[in-house]
Structure formats: C-alpha cells, structure tokens
Amino acid sequence: MTNSGLPRDAGPDGARVVAMLRTLAELTSDEAGAQRVAWTGVWQRARAFLREQLQGLPVTVRTDAAGNQWARLPGGDGGVVIIGSHLDSVPDGGWLDGAYGVMCAVEVLRCLAARGRLPCAVALVEWADEEGARFGHSLFGSSAVAGTLNVAEVRELADAGGLRLGDVVAEHGVHLDRLDEGRHEIHGARAYLEAHIEQGPVLEREGLPISAVSGTVGVERHRVIFRGQTAHSGATPMDMRRDTFLAAAATALAVRDSAVRHQGVGTVGAARLRPGIVTAVAGETAILVDQRHPDAGALEAMLKEAQRASEEAASAEGCAVSWEPVFRTRPQPFAGELMGVVRDVCAELTGQERVLPSWALHDATPMAGAVPTAMLFTSSTRGISHAREEDTPEEHLRLGVEAFYRTVCRVIAVD
Ligand SMILES: [Zn+2]
C-alpha cells in the first residue's frame, strides 16, 4: 500500500502505447503519411479506434458540444484532473503528433482504473480539430471549452472545396450556437496535463529523451498587402515601376533578420501576386507573416521592426502597405507548480533538469488560460514533424509514458 491507501501497481506499459500508435497509423495513413484531418471519415475512424481502446475500462465515454471526446474515470470529490491531446493530423502528417498524448492518456487511465477508487476523477480528453488543417483555424475544440473561440470568426471559414465550417461541423453533431455548453466540461478541473512530441530539434541535440515545457510562445500572424501598379513587364522602364513583389521580398528578408536578432522565429510562408503572370509587374502582393517568441516584449519588437521595414520597402518601390491581423496569441506560461512536478519526474528518469519553451501551439495553450496546465515533451528525430518522416526513438516514447504516468499520480496524490 502507498500513503494514499491505494495499492501500488505494475506501472504503465510503454510498449502497449507504441503498439496502439502503430495500429492507429496503419488504420489512418497512406504512403504519403497520416491522413487524420479533422471532420473527415479517416478522423472518425481514428476516434472509433480510441473508443475501442477504452472498452472494458470503468469510464463513461461521451462527446461534448464542441465535438471533443471525453472518457471519465470517477473518483472522490477532489475535482477532476484532465489528461489528453488530439487525434487529428495535418494532411500527409506524422504518426505521433497528438496521437502520442492521447494514447499515453489511455494507458494512464488503464493503470489508474486498476488501482481502485481514486481521490479525484480523471478525464481523458481527445480534442477536436487541433490542427485547423481543413479550415485554417487551429485549436477548435480546446479553445471552445476554454472560452476563447471567436464563433463569428470561424462560422464563415470555408475549406478548399468551398464548404463552410459551420455546415461541416454540424454533420458531426457540433452546432456553433451551442458551443458555449462545452465550457462546463472544465468545471472543477484541478489540472490539465498533456504529453506531446517536441516537433523541434532541441532535445535530440542535447541528448535528452524527455523534458518539461515552460509554456507556449506568443504568435503574431498577419496578412500584409502591398498595392502598387500593374504594368507591362516589357514596356515599363525600371525607374517607372511600382513593383509590389519587390517590396514584399524586402519585407520577408527583414522578418528573417529581426527574428535572428531577437532569437525568435519569423516566417513568410505564403505569397500571392496579382495578376501573377510573367508579363506583368505585380500591382498587388499579399504575404502571410508568422512571428513567434516566448517573450511578449521581444515579440512586439519583432512585429514593430517588420512593420517599419515593410513601410520603408513599400515607399522605396512607390507602393502602399497595410497589415491585417490573422491570428495572435500571447506567450502562455504553464502553471509553475505543475511544471515543477513534470521537471522533477523528468529529472528522476534522466538525471537532468531541462525545461523547454514550446515553439508550436498546443491544446494546452488555450487550456492554460482556464486551468492550471503543464506539458511533457519527448524528443523528435531530426526535429521533423507535420511530415511522414516524423519519428521518435521507441525508448524515448516509452520513457515519456512512464514520466507522464508518474506526473499524473503525483498530481492526484496516489504516488
Ligand atoms: Zn499536436
């Protein structure tokens, strides 16, 4: 017996988690990678696989108003500890992004269920549409539950085929007018804990299998539109052009330089030229700028520098420029005490105390604004994610399962 009065158990079976992940990958991937895009049949197949894994456990499984799947293991009146991640993927995605955290949570539930009545309830959550791959809006289910989803903004979003988000999610039983009902799911929540692959190269570079996460970085995402004059590529002398693409290209270089200077990241991942033909100077160019930094002040400086550079570049080319926010989120630190639990558990297992910021957003980002939240990372081979090549050494995956289980036990005090 332990000091909580519950029997000790054999602990989690990391090999079982890896086996579940491999089966899920077989069921939901093709030769190009994982195809579990949210609100598709393949995603539904993945969700059904999760329900199969939960069969036989003393849990209640249900779907909330925002389309998130929950499996609740009852316990004493000490509130609820929530564990989970997402099953949806980007098109041609990897086998671990999101799915790893969900399958870790399944294994933790299985171990806890075997220990008898717990001092508090534990709920597994599988968040709907974390990636935003189909409609461009990330963190749908988790931000709905956290109360930060802008319903008016998502209602009109359409996929590449012109189908509207509101209509598509309705086919999956999610009604935008009732999303608010999802908010009561986190009533009485003591903690939200998520395991995830790093999706970057830091742990591998430092020779570490796992680590705690300090929080997620702030993001500034803007559409920048340059307006000049469309003109004939042959007949317009060089000194008479108002070439919007040149102004956009100079801005892209400034975004890169500013990120390097502040040790953040900055990306121009999309550009659209009008008319976009070889025989015309582009009279309009729109680019999408994504800037990220763990420090709010540094992020603001990066944004200001990029804006100033775009104005200088526009004026040098005789163009006008305007900035429209597409998505912004502040740096979201995780709960200090919970992060300390993850850090201590990782130190026990690896001998090293390492805490990384997450440069990718996660369901833990909106959750951290509503519930004390912490995350655990496992390494990513070559730092590659959102790609078929995404991988993690199996022993790191198994160590992550052990670390996640120990963390959950400590948080619900059944250590
Ligand atoms: Zn993910």
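Details
- Selected residue [more than 30 Å from Ala10 (Cα to Cα) and out of contact with any strand residue (DSSP E or B) (no Cβ under 8 Å at 6 or more places or on another chain)] from Glu181, Glu185: Glu181
- Residue ID - nearest to the ligand (Cβ to nearest atom), chosen from residues in the stretch 345-357 that are open to solvent by 10 Å² or more (accessible area, probe 1.4 Å) and more than 14 Å from Phe334 (Cα to Cα): Arg354
- Options Val260, Val278, Val265: the member that is surrounded by fewer than 20 Cβ atoms within 10 Å (Cβ to Cβ), touching a residue at least 12 places away in the same chain (Cβ under 8 Å) and within 29 Å of the chain's Cα centre (by Cα): Val265
- Candidates Glu181, Glu171, Glu153, Glu107, filtered to the one that is more than 26 Å from Asp30 (Cβ to Cβ) and more than 22 Å from the chain's Cα centre (by Cα): Glu181
- Of all residues making up the stretch 185-200, the number that are open to solvent by 10 Å² or more (accessible area, probe 1.4 Å), part of a strand (DSSP E or B) and either among the aliphatic types (A, V, I, L, M) or modelled with pLDDT under 95 (or both): 1
- Only listed residue being within 16 Å of the ligand (Cβ to nearest atom) and either assigned to a loop (DSSP other than H, G, I, E, B) or surrounded by 23 or more Cβ atoms within 10 Å (Cβ to Cβ) (or both), chosen from Val125, Val145: Val125
- Close Cβ contacts (under 7 Å, 6 or more residues apart or on different chains) running from residues in the stretch 338-350 that are on the phi < 0 side of the Ramachandran plot to residues that are part of a helix (DSSP H, G or I) and open to solvent by less than 10 Å² (accessible area, probe 1.4 Å) comprise Val341/Thr407; Val342/Thr407; Val345/Ala403; Val345/Thr407; Cys346/Ala403; Leu349/Ala403.
- Residues in the stretch 45-79 that are without any contact (Cβ under 8 Å) to a residue 60 or more places away in the chain, in a helix (DSSP H, G or I) and more than 16 Å from the ligand (Cβ to nearest atom): 6 in all.
- Failed item in (1) away from the ligand (no atom under 16 Å from the Cβ); (2) open to solvent by 10 Å² or more (accessible area, probe 1.4 Å), with Leu109 passing the rest: (2)
- Residues in the stretch 62-99 that are more than 17 Å from Ala113 (Cβ to Cβ) and β-branched (Val, Ile, Thr): 2 in all.
- All conditions but one from (1) within 16 Å of the ligand (Cβ to nearest atom); (2) in contact with a strand residue (DSSP E or B) (Cβ under 6 Å, 6 or more places away or on another chain) apply to Ala360; the one that does not is (2).
- Qualifying residue in the stretch 80-90 (condition: assigned to a loop (DSSP other than H, G, I, E, B), modelled with pLDDT of 95 or more, of a type outside the set (A, V, I, L, M) and within 16 Å of the ligand (Cβ to nearest atom)): yes
- When each of Ala38, Ala15 is tested for being under 16 Å from Leu397 (Cα atoms), in contact with a Lys or Arg (Cβ under 7 Å, 6 or more places away or on another chain) and in contact (Cβ under 8 Å) with a residue 40 or more places away in the chain, the lone residue that passes is Ala15.
- Matching residues, the stretch 278-322, being part of a strand (DSSP E or B), under 12 Å from Thr251 (Cα atoms) and modelled with pLDDT of 95 or more: Thr285, Ala286, Ile287, Val289, Val321
- Of the residues making up the stretch 338-359, those that are within 18 Å of Ala296 (Cβ to Cβ) and of a type in the set (Gly, Ala, Ser) number 1.
- Only one entry of Glu353, Glu348, Glu324, Glu337 meets the criterion of being under 30 Å from Pro91 (Cα atoms) and over 21 Å from the mean Cα position of the chain (by Cα), and that entry is Glu324.
- Scan of the stretch 270-297 for residues that are touching a helix residue (DSSP H, G or I) at 6+ places or on another chain (Cβ under 7 Å) and of a type in the set (A, V, I, L, M, F, W, C), ordered by number: Ala271, Leu273, Ala282, Ile287, Val289
- Positions within the stretch 210-227 being open to solvent by less than 20 Å² (accessible area, probe 1.4 Å) and either in a loop (DSSP other than H, G, I, E, B) or not polar (S, T, N, Q) (or both), in sequence order: Ile210, Ala212, Val213, Gly215, Val217, Gly218, Val219, His222, Val224, Ile225, Phe226
- Hits in the stretch 365-395 (condition: open to solvent by 40 Å² or more (accessible area, probe 1.4 Å) and closer than 21 Å to Cys111 by Cα): Glu394, Glu395
- Single residue of Glu130, Glu153, Glu107 found to be modelled with pLDDT of 95 or more and part of a helix (DSSP H, G or I): Glu107
- Number of the exception - Val90 against (1) open to solvent by 10 Å² or more (accessible area, probe 1.4 Å); (2) more than 20 Å from Thr378 (Cα to Cα): (2)
The values are calculated or read from the model by the stated rules, or taken from the named source; none is laboratory data. Just so it is clear, the model here is predicted, and its values are computed rather than measured. Cβ coordinates were reconstructed from backbone atoms using ideal geometry, including for glycine residues, and neighbour counts include every protein chain displayed. Keep in mind that these areas ignore ligands, DNA and RNA; they rest on the heavy atoms of the full protein, side chains included. Shrake-Rupley method; radii C 1.70, N 1.55, O 1.52, S 1.80 Å.
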